[in-house]
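The values are calculated or read from the model by the stated rules, or taken from the named source; none is laboratory data. Bear in mind that the values here come from a model prediction, so they are computed numbers and not experimental data. Please note: Cβ atoms are built from the backbone with ideal geometry, for glycine as well, and neighbour counts cover all protein chains shown. Quick note on the areas: whole protein, heavy atoms, side chains included, nothing else; ligands and nucleic acids left out. Shrake-Rupley method; radii C 1.70, N 1.55, O 1.52, S 1.80 Å.
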Amino acid sequence: SSCKISFKHWAPPAPTMATKALSVLAVFAWHVHAEPNARMCIKNTGGSCTVSDCYTWREATGGVGCDSGRCFCDDTSCSGIDGGCYTEDQKYIELGASNTSTETTWYTFTNARWPDVVLRTASLSTNANLYATGGIEDESRFSLVLPPLGQGGEPSFLMYSKKWPDAVVHIFDTGKKSPAKYAPSCSYIVNSLGASWPLPNIMMSLVVAPSAAVDGTPLVMLKAYWVQQYIYVGQGTTSIVSLPALGQDPGAGGYWMVNPPLPANIVKALPKFNGMRCSTMCGEVSKDLSMTNINAAPRASLEGVVIAPILAVLAWMRA
């Protein structure tokens, strides 16, 4: 015979002081208070959980806990690209830094189709947009921080702004319908509303473009880590926009030359674009684009002359 339990007329007993205390202790035993992100240590792995069930594989070399339905690394570890938590054995690495120097390497991204413009952030703290202009100032310089790769995988980066040291370039979901569903932005992720954002959502992947510069220098595509969206300068428009998630490249306006060149071992490890190629209004890589020309030709500052304002982002993203 089987035993059946009916809950139709069942009601839980009134909680006593003892059961209330035990409930509180149980919550504190399984519920961690997550620390906010730091520049060289992102805590939110991007994983979800109930009260206590972050996957054990996330405890790579560090600890993990559940907070408000999200999996955070503990106070001794930081999230890796694979979603695991890692202690000091696997650190965040700033590209270009050496064992003998702590000086930051600042990279610029020159557009391959229009080599007279570079990627840049806004000049105001209340503007999270990205632009493409002719002047190279702090707004157009970025450092690349590589989180731990963990259990293999391809390198992706926190792309920090020199102008706004605690802000990164990323692509986010606007909540709107296509073609404005996704938009590039430069948002604070330390001591702000972004201080608990998950690592996957704030990383950029550098994908080797299907075309190189005339001098053979590899070009890269700036892709969101978490979704197939690329930052590009479009023809006949006044915006840098992201393509819909169609799995095809945006053409030469979406290829960028990185200066100074990326370390050779990093370039070798970057994924190569292997999706559907651009077929309409793709443009060509400029014959004037070369590392020699970029380093030799002075650029007239076009401060305030914007070629590509991105979809406006509310000021609270930088509050």
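Highest-first packing order for the peptide set 161-172, 275-286, 213-224, 251-262 is 251-262, 161-172, 213-224, 275-286, based on the mean count of other beta carbon atoms within 10 Å.
Under a 5 Å amide H cut-off, with hydrogens placed 1.01 Å from N, Arg70 pairs with Cys49 among residues at least 5 apart or on other chains. Positive contributions from Lys and Arg (+1) and negative ones from Asp and Glu (-1), summed over other residues with Cβ under 10 Å from the Cβ of Gly254, come out at +1.
Excluding ligands, DNA and RNA, what is the solvent-accessible area per residue of the range 93-187 at a probe of 1.4 Å, expressed in Å²?
Numbers: 3590 Å² over 95 residues.
Value for the range 93-187: 38 Å² per residue.
With a simple spin-label model that places each label point 7 Å from the Cα along the Cα-to-Cβ direction, the separation between Thr76 and Gln228 comes to 4.2 nm.
The relative contact order of the range 101-198, computed from alpha carbon pairs under 8 Å that lie at least 6 residues apart in sequence, is 19 percent.
Approximating the spin labels as points 7 Å out from Cα along Cα→Cβ, the Asn265-to-Val214 distance works out to 3.4 nm. Backbone phi angles across the range 90-96, fed through the Karplus curve with coefficients 6.51, -1.76 and 1.60 (θ = phi - 60°), yield HN-Hα couplings of 9, 9, 6, 10, 8, 4, x Hz in residue order; Gly and Pro are listed as x.
Set the Förster radius R0 to 45 Å, insert the Cβ-Cβ distance between Thr56 and Asp138 as r into 1/(1 + (r/R0)^6), and round the FRET efficiency to 0.05. Before the final figure, lay out each step's value.
Details: r = 43 Å, r/R0 = 0.96.
Taking R0 as 45 Å, the efficiency between Thr56 and Asp138 is 0.55.
In this structure the amide hydrogen of Tyr182, modeled in the peptide plane, comes within under 5 Å of the amide hydrogens of Thr174, none closer than 5 places in sequence on its chain.
Net charge in the neighbourhood of Glu154 (other residues with Cβ under 13 Å of its Cβ; Lys, Arg +1, Asp, Glu -1) is +2.
If you take every residue apart from Gly283 with its C-beta less than 13 Å away from the C-beta of Gly283, what net charge results, scoring Lys and Arg +1 and Asp and Glu -1? The partial results should precede the final answer.
On the way: positive: Arg113, Arg277, Lys287; negative: Asp249, Glu284.
After counting each charged neighbour, the total is +1.
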